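The structure under discussion appears below in the form of structure tokens.
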Amino acid sequence: MQQPDGAPSAVSIQQLVKRYKTVTAVDGLSFDVAPGEFFGFLGPNGAGKTTTINAIVGLATFQGGTIRIFGHDVISDYRRSRSLVGLSPQEFNFDRYLTIEEILIYQAGYYGIPVARAKPRARTLLDQFELTDKRRATYLELSGGMKRRLSLARALVHEPQLLILDEPTAGMDVELRLELWDFLKAINAGGMTIFMTSHYLEEVEALCNRIGIVNHGKLVELEDKSTLMARHADRSLQEVFLELVGRRTHG
């Protein structure tokens, strides 16, 4: 889908269907994310959030619908679409035999970035995420918060246009979480499109400018944050979320 200025959406999902044998994880999901948007994608466990993300980045096939990244179909133009996306997944999946600096350099290589360019980029990110003194360590030697920062650095090493964050601050203490919020606000202000899931609803409320809520693989709400909260002026985002999810579960 095109935006009002004629540019393609950063993410366009139309009638997405994903089934696992007899279970429909995503059931006709449709929405768009605009370039430069900070989009919050919410739902209870098992709602279809991670499955949708996996379909966007090519980690899961799907049985129906289409997904486009900045106009590029994730199936027919998968090389280009994947080069535009950086993913920080919920689960850690680092190579335990590489140092954290090597993890970043190898990741850049998957996108055709030569070592001569990847090495300074990796070191910039290690500085940015305060991991330079651990650059020769393996990920097994890192704390939970450091692993989360490494995951973000790896997602950004090839300079994507879309950053997907699946529970980005899980395992971080309050100070590190607030520092990350500042970093994400800054890169979003610089033009980075961010697509984020989080169980910390105060995080979504602080960062996102539009929110989509899914349950049982279906979209139950899609609204600008300010409009959504204005409709529920006397209630928190958590209360609104629980009502919407409960309505879908029991209705």
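The values are calculated or read from the model by the stated rules, or taken from the named source; none is laboratory data. Nothing here was measured: the structure is a model prediction, and the numbers come from that model. Here Cβ is always computed from backbone atoms with ideal geometry, including for glycine, and neighbour counts include all displayed protein chains.
The sole residue among 62, 41 that is within 25 Å of residue 189 (Cα to Cα), modelled with pLDDT of 95 or more and in contact with a strand residue (DSSP E or B) (Cβ under 7 Å, 6 or more places away or on another chain) is 41. Pairs only if they're at least six apart or on different chains, beta carbon under 9 angstrom, first in segment 236-251 and farther than 14 Å from residue 205 by Cβ and of a type in the set (S, T, N, Q), second modelled with pLDDT of 80 or more and surrounded by 13 or more Cβ atoms within 10 Å (Cβ to Cβ); list them, first residue then second. Sorted first by the residue in segment 236-251, then by its partner, the pairs are 249/44; 249/215; 249/216.
Looking across segment 222-251, not a single residue is crowded, with 19+ Cβ neighbours inside 10 Å and outside any helix (DSSP H, G or I). Would a scan of segment 93-112 turn up a residue that is small (Gly, Ala, Ser), surrounded by 20 or more Cβ atoms within 10 Å (Cβ to Cβ) and assigned by TED's automatic domain parsing to the domain that holds residue 188? Checked segment 93-112: no residue is small (Gly, Ala, Ser), surrounded by 20 or more Cβ atoms within 10 Å (Cβ to Cβ) and assigned by TED's automatic domain parsing to the domain that holds residue 188. A count restricted to segment 181-204 and to residues that are farther than 16 Å from residue 40 by Cα and in contact with a Pro (Cβ under 9 Å, 6 or more places away or on another chain) stands at 1.
Could we say that residue 141 is among the acidic types (Asp, Glu) and surrounded by 18 or more Cβ atoms within 10 Å (Cβ to Cβ) here? No. One residue alone among 80, 68, 148 is assigned by TED's automatic domain parsing to the domain that holds residue 15, under 21 Å from residue 49 (Cα atoms) and among the charged types (D, E, K, R), and that residue is 68. I'm trying to understand the selection: among the residues of segment 164-184, which are at pLDDT 95 or above and either in the same structural domain as residue 128 (by TED's automatic domain parsing) or among the charged types (D, E, K, R) (or both)? Passing the criteria: none in range.
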